[in-house]
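Undergrad: Here it is, the structure in full.
Only the coordinates and a few stated rules stand behind these numbers; no lab work does. Owing to the predicted nature of the structure, the values given are computational and were not obtained by experimental measurement. Neighbour counts run over all protein chains shown; Cβ positions are idealised from the backbone, glycine included.
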């Protein structure tokens, strides 16, 4: 069981990593275009990343608690990347 979960996590990291990086780049570009800084930039980035993650969850046909969990983890991971 643990092996299966580890493999699933590895697969997500490999498949989801580039997608998160692309979303992060798009959000940073938009924030730069809007000339945001400080709290406004942080707020914008959080919303932008969350929206991107919600789209990914819909693409994966996630609903309910699974979608909520995925979006929360995805947003946290995306915000942990350096801006």
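Undergrad: Set the Förster radius R0 to 35 Å, insert the Cβ-Cβ distance between residue 37 and residue 63 as r into 1/(1 + (r/R0)^6), and round the FRET efficiency to 0.05.
TA: About 0.40, to the nearest 0.05.
Undergrad: Work the Kirkwood hydrodynamic radius out for region 17-80: mean of 1/r over every pair of different alpha-carbon atoms, inverted, in Å.
TA: 11.9
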